[in-house]
1. Of the residues PHE111, PHE105, which single one is closer than 30 Å to GLN172 by Cα, crowded, with 16+ Cβ neighbours inside 10 Å and not assigned by the TED database to the domain that holds GLN170?
2. Please give the strands (runs of 3 or more DSSP E) falling wholly within segment 189-292 in which 1 or more residues are more than 28 Å from GLN172 (Cβ to Cβ).
3. Considering only segment 106-125, state which residues are among the hydroxyl-bearing types (Ser, Thr, Tyr) and either assigned to a loop (DSSP other than H, G, I, E, B) or over 21 Å from CYS81 (Cβ atoms) (or both).
4. If you check every pair at least six apart or on different chains, which have Cβ atoms under 6 Å apart with a residue in segment 148-172 that is of a type in the set (Ser, Thr, Tyr) first and a residue that is assigned to a loop (DSSP other than H, G, I, E, B) and at pLDDT 75 or above second?
Amino acid sequence: MRPPGPRALLLLLLLVALPAQLSAQSCLNKQQVLTAVRQLQQLLKVQESRFAEGLRSVRSRLAALQSSANRAGPDGPPVSCPALNAPPDGRKFGSKYLVDHEVHFTCDPGFQLVGPSSVVCLPNGTWTGEQPHCRDISECSSQPCQHGGTCLEGVNQYTCICPPGRTGSQCQHQAQTAAPERLADDPAFSRAPRCAQVERTRHCSCEAGFQLSGAGGDSVCQDVNECELYGQDGRPRLCMHTCVNTPGSYRCACPSGYRTLPDRKSCEDIDECVSPQHLCPRGTMCINTGGGFQCVSPECPEGNGNVSYVKTSPLPWRGRRHWKWTLTCQNTSTAPSRPTTCPRSPSLCLRTTSKGA
(Lines give C-alpha, C1' and ligand atoms only; values in the text may rest on other atoms or scores of the structure.)
Protein backbone atom coordinates (compact mmCIF):
# COMPACT_ATOMS: atom_id res chain seq x y z
CA MET A 1 0.00 0.00 0.00
CA ARG A 2 1.46 3.36 -0.99
CA PRO A 3 1.71 5.94 1.84
CA PRO A 4 -0.45 9.04 1.49
CA GLY A 5 1.14 12.03 -0.25
CA PRO A 6 1.28 15.64 0.93
CA ARG A 7 -1.98 16.52 -0.79
CA ALA A 8 -3.88 13.78 0.99
CA LEU A 9 -2.42 14.86 4.32
CA LEU A 10 -3.50 18.47 3.83
CA LEU A 11 -7.03 17.42 2.86
CA LEU A 12 -7.19 15.34 5.99
CA LEU A 13 -6.06 18.39 7.98
CA LEU A 14 -8.86 20.44 6.41
CA LEU A 15 -11.48 17.86 7.33
CA VAL A 16 -10.22 17.87 10.91
CA ALA A 17 -10.05 21.66 11.21
CA LEU A 18 -13.53 22.38 9.83
CA PRO A 19 -15.45 20.41 12.46
CA ALA A 20 -13.43 22.23 15.15
CA GLN A 21 -14.54 25.58 13.79
CA LEU A 22 -18.12 24.35 13.43
CA SER A 23 -18.06 23.31 17.05
CA ALA A 24 -16.90 26.79 18.09
CA GLN A 25 -19.66 28.49 16.05
CA SER A 26 -23.17 27.48 15.32
CA CYS A 27 -22.77 27.98 11.56
CA LEU A 28 -20.13 28.98 8.94
CA ASN A 29 -21.10 30.89 5.88
CA LYS A 30 -19.91 30.03 2.44
CA GLN A 31 -17.29 32.78 2.28
CA GLN A 32 -15.49 31.57 5.40
CA VAL A 33 -15.31 28.02 4.11
CA LEU A 34 -13.88 29.13 0.76
CA THR A 35 -11.23 31.30 2.46
CA ALA A 36 -10.03 28.39 4.56
CA VAL A 37 -9.86 26.10 1.53
CA ARG A 38 -7.78 28.61 -0.44
CA GLN A 39 -5.28 29.00 2.42
CA LEU A 40 -4.82 25.26 2.63
CA GLN A 41 -4.32 24.99 -1.12
CA GLN A 42 -1.55 27.59 -1.03
CA LEU A 43 0.17 25.74 1.81
CA LEU A 44 -0.14 22.52 -0.18
CA LYS A 45 1.61 24.04 -3.20
CA VAL A 46 4.55 25.20 -1.10
CA GLN A 47 4.95 21.78 0.48
CA GLU A 48 4.73 20.01 -2.87
CA SER A 49 7.49 22.26 -4.27
CA ARG A 50 9.85 21.55 -1.37
CA PHE A 51 9.11 17.85 -1.45
CA ALA A 52 9.87 17.66 -5.17
CA GLU A 53 13.16 19.54 -4.70
CA GLY A 54 14.23 17.12 -1.99
CA LEU A 55 13.41 14.12 -4.17
CA ARG A 56 15.50 15.51 -7.02
CA SER A 57 18.52 15.95 -4.67
CA VAL A 58 18.20 12.39 -3.37
CA ARG A 59 17.97 10.96 -6.91
CA SER A 60 21.11 12.91 -7.92
CA ARG A 61 23.13 11.57 -4.99
CA LEU A 62 22.01 8.01 -5.57
CA ALA A 63 23.04 8.26 -9.22
CA ALA A 64 26.50 9.57 -8.29
CA LEU A 65 26.96 6.81 -5.73
CA GLN A 66 25.95 4.15 -8.25
CA SER A 67 28.38 5.55 -10.83
CA SER A 68 31.23 5.57 -8.34
CA ALA A 69 30.51 1.99 -7.29
CA ASN A 70 30.50 0.83 -10.91
CA ARG A 71 33.91 2.40 -11.58
CA ALA A 72 35.49 0.95 -8.41
CA GLY A 73 35.19 -2.60 -9.60
CA PRO A 74 35.38 -5.52 -7.17
CA ASP A 75 35.91 -4.84 -3.41
CA GLY A 76 39.55 -4.82 -2.15
CA PRO A 77 41.33 -4.61 1.24
CA PRO A 78 41.15 -1.28 3.15
CA VAL A 79 43.86 1.24 2.33
CA SER A 80 46.59 1.57 4.98
CA CYS A 81 49.86 3.48 5.35
CA PRO A 82 53.34 2.09 6.15
CA ALA A 83 54.01 1.23 9.79
CA LEU A 84 55.85 3.83 11.88
CA ASN A 85 58.32 3.31 14.74
CA ALA A 86 59.05 5.42 17.79
CA PRO A 87 62.05 7.66 17.16
CA PRO A 88 65.23 6.97 19.17
CA ASP A 89 65.09 8.86 22.49
CA GLY A 90 61.37 9.43 21.93
CA ARG A 91 57.91 7.85 22.02
CA LYS A 92 55.10 7.13 19.54
CA PHE A 93 51.36 7.29 20.27
CA GLY A 94 49.00 5.49 17.89
CA SER A 95 49.08 1.92 16.51
CA LYS A 96 46.53 2.03 13.65
CA TYR A 97 47.70 2.98 10.17
CA LEU A 98 44.38 3.06 8.25
CA VAL A 99 43.08 6.04 6.32
CA ASP A 100 42.37 9.13 8.48
CA HIS A 101 44.17 7.66 11.51
CA GLU A 102 46.74 9.85 13.31
CA VAL A 103 50.09 9.01 14.93
CA HIS A 104 51.77 11.38 17.43
CA PHE A 105 55.45 11.68 18.47
CA THR A 106 57.28 13.13 21.52
CA CYS A 107 60.92 13.19 22.70
CA ASP A 108 62.52 12.37 26.04
CA PRO A 109 63.78 15.17 28.32
CA GLY A 110 66.96 16.70 26.96
CA PHE A 111 65.97 16.05 23.33
CA GLN A 112 64.13 18.15 20.76
CA LEU A 113 61.70 16.84 18.12
CA VAL A 114 62.77 17.52 14.55
CA GLY A 115 59.85 17.13 12.12
CA PRO A 116 56.07 17.00 12.53
CA SER A 117 54.65 16.09 15.93
CA SER A 118 51.77 14.17 14.25
CA VAL A 119 51.01 12.62 10.83
CA VAL A 120 47.73 11.44 9.20
CA CYS A 121 47.21 8.50 6.84
CA LEU A 122 45.90 9.68 3.44
CA PRO A 123 43.57 7.68 1.10
CA ASN A 124 46.50 7.11 -1.29
CA GLY A 125 48.37 5.15 1.41
CA THR A 126 50.92 7.81 2.34
CA TRP A 127 51.46 9.91 5.46
CA THR A 128 51.06 13.67 5.55
CA GLY A 129 54.71 14.11 6.56
CA GLU A 130 58.02 12.38 7.12
CA GLN A 131 58.65 10.48 10.33
CA PRO A 132 60.38 12.85 12.80
CA HIS A 133 63.49 12.17 14.90
CA CYS A 134 64.79 13.41 18.26
CA ARG A 135 67.93 15.55 18.50
CA ASP A 136 70.00 16.06 21.62
CA ILE A 137 69.62 19.59 22.97
CA SER A 138 73.02 21.26 23.13
CA GLU A 139 73.31 22.97 26.51
CA CYS A 140 76.25 24.96 25.20
CA SER A 141 74.55 26.15 21.99
CA SER A 142 73.58 29.44 23.65
CA GLN A 143 77.22 30.04 24.70
CA PRO A 144 76.40 30.60 28.38
CA CYS A 145 80.02 30.87 29.56
CA GLN A 146 81.28 34.45 29.66
CA HIS A 147 84.72 36.06 29.44
CA GLY A 148 86.28 33.22 27.45
CA GLY A 149 85.01 30.35 29.60
CA THR A 150 84.85 26.84 28.12
CA CYS A 151 81.44 25.11 28.11
CA LEU A 152 81.28 21.37 28.84
CA GLU A 153 78.15 19.42 27.88
CA GLY A 154 76.37 17.38 30.54
CA VAL A 155 73.10 15.51 30.99
CA ASN A 156 70.54 18.33 30.83
CA GLN A 157 73.17 20.71 32.18
CA TYR A 158 76.48 22.35 31.40
CA THR A 159 79.64 23.32 33.25
CA CYS A 160 81.80 26.37 32.62
CA ILE A 161 85.57 26.10 32.97
CA CYS A 162 86.58 29.67 33.78
CA PRO A 163 89.90 31.28 32.83
CA PRO A 164 92.20 32.64 35.55
CA GLY A 165 90.75 35.65 37.28
CA ARG A 166 87.10 34.72 36.65
CA THR A 167 84.63 32.77 38.80
CA GLY A 168 80.91 31.97 38.99
CA SER A 169 78.63 29.44 37.29
CA GLN A 170 79.03 31.39 34.03
CA CYS A 171 82.41 33.03 34.75
CA GLN A 172 80.54 36.27 35.35
CA HIS A 173 82.45 37.39 38.47
CA GLN A 174 85.93 38.77 38.94
CA ALA A 175 87.93 36.36 41.09
CA GLN A 176 89.41 37.72 44.31
CA THR A 177 93.17 37.69 43.98
CA ALA A 178 93.87 37.99 47.70
CA ALA A 179 91.92 37.66 50.91
CA PRO A 180 91.01 40.94 52.58
CA GLU A 181 93.56 41.93 55.15
CA ARG A 182 93.06 43.84 58.38
CA LEU A 183 94.88 47.11 58.05
CA ALA A 184 97.29 47.09 60.92
CA ASP A 185 97.71 50.12 63.17
CA ASP A 186 94.11 51.17 62.57
CA PRO A 187 92.08 51.03 65.79
CA ALA A 188 88.76 51.60 63.99
CA PHE A 189 88.59 48.10 62.45
CA SER A 190 89.43 48.87 58.82
CA ARG A 191 90.10 46.39 56.04
CA ALA A 192 91.29 46.52 52.47
CA PRO A 193 88.40 46.34 49.96
CA ARG A 194 87.87 43.80 47.21
CA CYS A 195 88.50 45.52 43.89
CA ALA A 196 88.20 44.46 40.25
CA GLN A 197 89.00 46.22 36.99
CA VAL A 198 86.04 46.05 34.56
CA GLU A 199 86.42 47.87 31.23
CA ARG A 200 88.87 50.48 32.54
CA THR A 201 86.72 51.08 35.60
CA ARG A 202 87.75 50.02 39.08
CA HIS A 203 84.96 48.56 41.21
CA CYS A 204 85.46 47.94 44.94
CA SER A 205 83.24 46.28 47.51
CA CYS A 206 83.36 45.39 51.21
CA GLU A 207 82.39 42.46 53.37
CA ALA A 208 79.16 42.49 55.34
CA GLY A 209 79.42 44.81 58.32
CA PHE A 210 81.82 47.18 56.55
CA GLN A 211 81.23 50.22 54.39
CA LEU A 212 83.45 51.68 51.71
CA SER A 213 85.00 55.04 52.44
CA GLY A 214 87.42 57.10 50.42
CA ALA A 215 87.89 57.09 46.65
CA GLY A 216 90.28 55.67 44.11
CA GLY A 217 93.34 53.98 45.47
CA ASP A 218 92.71 55.39 48.95
CA SER A 219 89.40 53.57 49.45
CA VAL A 220 89.11 51.47 52.59
CA CYS A 221 86.43 49.30 54.19
CA GLN A 222 85.47 50.88 57.50
CA ASP A 223 83.69 48.84 60.17
CA VAL A 224 80.06 49.80 60.80
CA ASN A 225 79.60 50.44 64.52
CA GLU A 226 76.19 48.84 64.99
CA CYS A 227 76.13 49.66 68.70
CA GLU A 228 76.55 53.37 68.00
CA LEU A 229 74.18 53.31 65.03
CA TYR A 230 71.33 51.62 66.89
CA GLY A 231 72.01 53.52 70.08
CA GLN A 232 70.54 56.68 68.59
CA ASP A 233 67.10 57.91 69.57
CA GLY A 234 64.18 56.23 67.83
CA ARG A 235 66.06 53.07 66.92
CA PRO A 236 65.47 49.69 68.56
CA ARG A 237 68.05 48.50 71.05
CA LEU A 238 70.27 45.64 69.97
CA CYS A 239 71.04 44.42 73.50
CA MET A 240 69.31 44.50 76.87
CA HIS A 241 72.50 45.58 78.66
CA THR A 242 75.82 46.22 76.95
CA CYS A 243 76.49 46.21 73.18
CA VAL A 244 80.09 45.44 72.18
CA ASN A 245 81.17 46.36 68.66
CA THR A 246 83.24 43.71 66.84
CA PRO A 247 84.86 43.72 63.38
CA GLY A 248 81.96 43.54 60.95
CA SER A 249 79.39 42.76 63.63
CA TYR A 250 78.54 43.14 67.33
CA ARG A 251 77.80 41.06 70.41
CA CYS A 252 75.74 41.53 73.56
CA ALA A 253 77.48 41.34 76.94
CA CYS A 254 75.91 40.86 80.36
CA PRO A 255 77.06 42.32 83.70
CA SER A 256 78.96 40.19 86.17
CA GLY A 257 76.68 37.64 87.77
CA TYR A 258 74.40 37.40 84.72
CA ARG A 259 74.43 35.11 81.68
CA THR A 260 73.16 35.58 78.10
CA LEU A 261 69.89 33.94 77.10
CA PRO A 262 69.54 31.88 73.87
CA ASP A 263 68.30 34.97 71.97
CA ARG A 264 71.85 36.40 72.49
CA LYS A 265 70.31 39.74 73.48
CA SER A 266 68.78 39.30 76.94
CA CYS A 267 70.40 38.45 80.28
CA GLU A 268 69.29 36.53 83.35
CA ASP A 269 70.66 36.42 86.87
CA ILE A 270 72.92 33.52 87.86
CA ASP A 271 71.78 31.88 91.11
CA GLU A 272 75.12 31.15 92.71
CA CYS A 273 73.47 29.54 95.74
CA VAL A 274 72.35 26.50 93.71
CA SER A 275 75.89 25.85 92.51
CA PRO A 276 77.30 22.48 93.62
CA GLN A 277 80.37 24.32 94.85
CA HIS A 278 80.23 25.56 98.45
CA LEU A 279 80.55 29.29 97.98
CA CYS A 280 79.87 30.17 101.61
CA PRO A 281 81.88 28.89 104.59
CA ARG A 282 80.35 26.36 106.92
CA GLY A 283 78.06 27.87 109.46
CA THR A 284 76.78 30.62 107.12
CA MET A 285 73.79 30.82 104.81
CA CYS A 286 73.92 31.70 101.05
CA ILE A 287 71.42 34.33 99.86
CA ASN A 288 71.15 35.02 96.11
CA THR A 289 71.11 38.66 95.05
CA GLY A 290 70.85 40.43 91.71
CA GLY A 291 74.14 39.68 89.99
CA GLY A 292 75.73 38.07 93.06
CA PHE A 293 75.18 36.46 96.46
CA GLN A 294 75.78 37.03 100.16
CA CYS A 295 76.94 34.72 102.93
CA VAL A 296 74.93 35.46 106.08
CA SER A 297 75.57 34.09 109.56
CA PRO A 298 72.10 33.75 111.15
CA GLU A 299 71.71 34.50 114.83
CA CYS A 300 69.17 32.88 117.11
CA PRO A 301 66.51 35.04 118.77
CA GLU A 302 67.08 36.10 122.33
CA GLY A 303 65.62 33.90 125.01
CA ASN A 304 62.40 34.85 126.72
CA GLY A 305 61.62 33.62 130.18
CA ASN A 306 62.13 29.92 130.34
CA VAL A 307 62.77 29.64 126.55
CA SER A 308 66.21 29.66 124.96
CA TYR A 309 67.47 29.02 121.37
CA VAL A 310 70.44 27.00 120.24
CA LYS A 311 71.89 27.23 116.65
CA THR A 312 72.69 23.90 115.00
CA SER A 313 74.00 22.73 111.62
CA PRO A 314 72.34 23.71 108.30
CA LEU A 315 69.92 21.48 106.40
CA PRO A 316 69.13 21.63 102.62
CA TRP A 317 65.58 22.63 101.72
CA ARG A 318 64.14 23.20 98.21
CA GLY A 319 67.54 23.42 96.61
CA ARG A 320 68.80 26.16 98.93
CA ARG A 321 70.88 26.17 102.12
CA HIS A 322 68.76 26.98 105.18
CA TRP A 323 69.32 26.75 108.89
CA LYS A 324 67.24 25.06 111.49
CA TRP A 325 67.22 26.19 115.08
CA THR A 326 66.80 23.86 118.00
CA LEU A 327 64.50 25.41 120.55
CA THR A 328 65.43 24.40 124.10
CA CYS A 329 62.87 25.36 126.75
CA GLN A 330 64.04 25.61 130.36
CA ASN A 331 61.74 26.27 133.29
CA THR A 332 63.37 28.81 135.59
CA SER A 333 60.37 29.50 137.78
CA THR A 334 59.48 27.83 141.11
CA ALA A 335 56.07 26.87 139.80
CA PRO A 336 55.31 23.20 139.08
CA SER A 337 56.66 21.92 135.81
CA ARG A 338 54.38 22.10 132.82
CA PRO A 339 54.79 21.80 129.04
CA THR A 340 56.37 24.87 127.59
CA THR A 341 55.00 26.41 124.33
CA CYS A 342 57.68 27.70 121.99
CA PRO A 343 57.11 31.09 120.34
CA ARG A 344 56.32 31.22 116.66
CA SER A 345 59.23 31.68 114.32
CA PRO A 346 59.34 31.92 110.47
CA SER A 347 62.49 29.79 110.47
CA LEU A 348 62.71 26.04 110.61
CA CYS A 349 62.69 25.09 114.23
CA LEU A 350 62.85 22.02 116.43
CA ARG A 351 61.28 22.37 119.87
CA THR A 352 62.54 20.59 122.94
CA THR A 353 61.28 20.96 126.52
CA SER A 354 63.37 20.38 129.63
CA LYS A 355 62.23 20.42 133.28
CA GLY A 356 63.93 22.62 135.81
CA ALA A 357 65.78 21.17 138.75
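1. Working: PHE105 fails: closer than 30 Å to GLN172 by Cα.
Just one listed residue meets the conditions, PHE111.
2. On the way: elements: 194-198, 201-205, 210-213, 220-223, 242-246, 249-253, 258-260, 267-269, 285-289.
The qualifying strands (runs of 3 or more DSSP E) are 220-223, 242-246, 249-253, 258-260, 267-269, 285-289.
3. Listed by number, the list holds a single entry, SER117.
4. Pairs that qualify, where the first residue is of a type in the set (Ser, Thr, Tyr) and the partner is assigned to a loop (DSSP other than H, G, I, E, B) and at pLDDT 75 or above, are TYR158/GLU139; TYR158/CYS140.
The values are calculated or read from the model by the stated rules, or taken from the named source; none is laboratory data. Remember, it's a predicted structure, so these values are computed and weren't measured experimentally. Neighbour counts run over all protein chains shown; Cβ positions are idealised from the backbone, glycine included.
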